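Notes to accompany the following structure.
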Amino acid sequence: MDIQTLKTFLTLAEVQRLSLCAEQLCLTKSAVSARIRQLEQQLGEPLFIRGARGMQLTDAGRHFYRHAMVMHQRWIRAKLEISQKRNAAPLLRLGAHSALANDLLLAWGSTVRHRNPELELHLETGYSSEIVRQVAQGALDIGLIFVADTTAGLVVDQVLEDRLIMVSSAARRLDQVSVDNYLYLDWGWGYNAAHSEHLPQLQNSLLSFGKADLGLPWLLKNGGTAYLPTRTVEPQLTAGILWPVTGAPEFRRPIFATYAPDRPDRALLDQALQDLAGLVDNRW
């Protein structure tokens, strides 16, 4: 059993779809399947069953998941500790939900790095639940998430409110949007419930993505209409490539920073949080 096989198992358990797991790990679906089969052969038990909701863990899979998470986090922690001792440089590990990676996490990491070029910096992405687990287990110092999860005893502070607006390359008004030209993006359970309540006529669109951050690239290549965060579409709105749809409701969702309350190197963490606050104030 190797660490890459463990990571494949944990990722598939989180996303529950072979195609999405393969995309996140930059693998083919057949490579993901091969790794899972190899792991099942080593353990002598099936770990997944295919159901209506995708790949679901079996009882053996759920039992192994806890051990796999511990092994994976210990491996990450060991690598980082050895690297830190070798380099004798301060270490900061920042994580974010994958939908925040391309703009907020990268901008934050750049700000931190510019302020302290001697710093050893590690950036990580994943789903909110995965980021929370890594912060709780000490594999990350600060995480940016959409769900205010305090069950692990972590500090959770709201740092930003995401504004989701309907934008389009064709429709100007809401009554021009139909299930035929609308791209439904899954921005999480809170958004999905609000969308169902306010826009029931668009619930059964012909096109939908489970990975919402693919929405903007799709619109730029193929055209259409979708809900996207204002922080990501401002350049396209300014350039007239996309425009807001008149009459469409706006949805909001908070973004939180989470971290352990008892960090020994608190000064480094506080400075990173200040850098994040300054970035948000200046850009969003």
(message) What's the number of the only condition in (1) in contact with a strand residue (DSSP E or B) (Cβ under 8 Å, 6 or more places away or on another chain); (2) of a type in the set (S, T, N, Q); (3) at pLDDT below 95 that Asn282 fails to meet?
(response) (1)
(message) Can you pull out every residue in the stretch 243-259 that is part of a loop (DSSP other than H, G, I, E, B) and crowded, with 19+ Cβ neighbours inside 10 Å?
(response) Val245, Ala248
(request) Would you be able to say whether some residue in the stretch 190-201 is at pLDDT below 95, in contact with a Phe, Trp or Tyr (Cβ under 8 Å, 6 or more places away or on another chain) and hydrophobic (A, V, I, L, M, F, W, C)? (result) yes
(request) State which residue is nearest to Ser98 (Cα to Cα) when the search covers only the stretch 1-35 and only residues that are part of a helix (DSSP H, G or I) and polar (S, T, N, Q). (result) Gln24
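Hey, can you tell me all the residues within the stretch 1-29 that are within 21 Å of Asp59 (Cα to Cα) and surrounded by 19 or more Cβ atoms within 10 Å (Cβ to Cβ)? Steps first, please.
Applying the first criterion (within 21 Å of Asp59 (Cα to Cα)) to the stretch 1-29 yields 1, 5-18, 21.
Within the stretch 1-29, Leu6, Thr8, Phe9, Leu10, Thr11, Leu12, Ala13, Val15, Leu18, Cys21 meet the criteria.
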(message) When you scan the stretch 237-246, do you find a residue that is modelled with pLDDT under 95 and touching a Leu at 6+ places or on another chain (Cβ under 8 Å), even just one?
(response) no
(message) Just to be sure I understand the filter: pairs with C-beta atoms under 6 Å, separated by 6 or more residues or on different chains, first member in the stretch 262-284 and surrounded by fewer than 17 Cβ atoms within 10 Å (Cβ to Cβ), second member in a helix (DSSP H, G or I). Which pairs pass?
(response) Arg263/Leu269
(request) Would you be able to tell me the number of residues in the stretch 77-110 that are under 16 Å from the mean Cα position of the chain (by Cα) and either farther than 14 Å from Leu279 by Cβ or at pLDDT below 75 (or both)? (result) 7
(request) Confirm whether Asp275 is of a type in the set (Asp, Glu) and under 19 Å from the mean Cα position of the chain (by Cα). (result) no
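Could you name every one of the helices (runs of 4 or more DSSP H) located completely within the stretch 150-242 that has at least 1 residues being without any contact (Cβ under 8 Å) to a residue 40 or more places away in the chain and among the basic types (Lys, Arg)? I'd like the intermediate steps shown before the answer.
Values: elements: 189-198, 215-222, 230-239.
Result: 215-222.
The values are calculated or read from the model by the stated rules, or taken from the named source; none is laboratory data. Remember, predicted model here, so these are calculated numbers, not experimental data. In this analysis, Cβ positions are derived from the backbone assuming ideal geometry, glycine residues included, and neighbour counts consider all displayed protein chains.
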